[in-house]
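The values are calculated or read from the model by the stated rules, or taken from the named source; none is laboratory data. Owing to the predicted nature of the structure, the values given are computational and were not obtained by experimental measurement. Using ideal geometry, Cβ is built from the backbone for each residue, glycine included, and neighbour counts are taken over all protein chains shown. For accessibility, only protein heavy atoms count, side chains too; no ligands or nucleic acids. Shrake-Rupley method; radii C 1.70, N 1.55, O 1.52, S 1.80 Å.
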Amino acid sequence: MFKKLLKILGSVFLLIILAFFSIYIWFSISSEQYLEEASPYLDTNLPIVLNWDFEQLKPLLTSGAAEAFESERGQKVYRMFSKLGKLESIEEPQFVSASSGVSIGAGVYDVVTFSVLAHFETGQAHVSVTLVPDSDSYKIHYLQINSDAFLE
């Protein structure tokens, strides 16, 4: 009886390990795929996003993100971002996540999130960018910037 219980627990433990290993492999494969596809886009367009010129940023945004940035609150947030000063350098983007969804207006869509460490005149900032595939390129759907410079 005790041996049977140990075999069952061992089998369950082995299945859990195999499940985690499978998830790890899937995550590695999907992150490599998204990094290959989106890295050139981020290398080209992230400096444009982080130069604090809204007219240059606007064509890179999804329609929903453009509406949010064009609002009074969105403009205040973008002006707050500009307190970081001039962009000095950007490190390699790190894949964070990818997901799919369905909406009435957009239909089926994918979103891919990357994190990037950027260096500015006033210090460094962690930039989180959520991209939505758009025909043969991407559009920026969400932008989050965190920095200690905002505390001053």
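Suppose we filter Leu131, Leu46 for residues that are open to solvent by less than 40 Å² (accessible area, probe 1.4 Å) and more than 27 Å from Ile23 (Cβ to Cβ); which single one remains? Testing whether each residue is open to solvent by less than 40 Å² (accessible area, probe 1.4 Å) and more than 27 Å from Ile23 (Cβ to Cβ) leaves just Leu46. Take the conditions of a type outside the set (A, V, I, L, M, F, W, C), open to solvent by 70 Å² or more (accessible area, probe 1.4 Å), in contact (Cβ under 8 Å) with a residue 40 or more places away in the chain and under 30 Å from Ile23 (Cβ atoms) and apply them to His141. Does it pass? Considered against the rule, which asks whether it is of a type outside the set (A, V, I, L, M, F, W, C), open to solvent by 70 Å² or more (accessible area, probe 1.4 Å), in contact (Cβ under 8 Å) with a residue 40 or more places away in the chain and under 30 Å from Ile23 (Cβ atoms), His141 comes out as yes.
Filtering the stretch 53-71 down to residues that are in contact with a helix residue (DSSP H, G or I) (Cβ under 7 Å, 6 or more places away or on another chain) and open to solvent by 50 Å² or more (accessible area, probe 1.4 Å), which residue is nearest to Tyr138 (Cα to Cα)?
Among them, the one singled out is Lys58.
Look at the stretch 72-89: where a residue is over 14 Å from Leu143 (Cα atoms) and a partner is open to solvent by 50 Å² or more (accessible area, probe 1.4 Å) and among the charged types (D, E, K, R), sitting 6+ places away or on another chain with Cβ atoms under 9 Å, you get Lys83/Glu152; Leu84/Glu121; Gly85/Glu121; Lys86/Glu121; Leu87/Glu121; Glu88/Glu121. Considering only residues that are part of a strand (DSSP E or B) and either surrounded by 11 or more Cβ atoms within 10 Å (Cβ to Cβ) or among the acidic types (Asp, Glu) (or both), which ones fall in the stretch 80-100? Those that are part of a strand (DSSP E or B) and either surrounded by 11 or more Cβ atoms within 10 Å (Cβ to Cβ) or among the acidic types (Asp, Glu) (or both): Leu87, Glu88, Ile90, Gln94, Phe95, Val96, Ser97, Ala98. Residues in the stretch 56-63: is at least one assigned to a helix (DSSP H, G or I), at pLDDT below 90 and farther than 27 Å from Phe120 by Cβ? Yes, the stretch 56-63 contains a residue that is assigned to a helix (DSSP H, G or I), at pLDDT below 90 and farther than 27 Å from Phe120 by Cβ.
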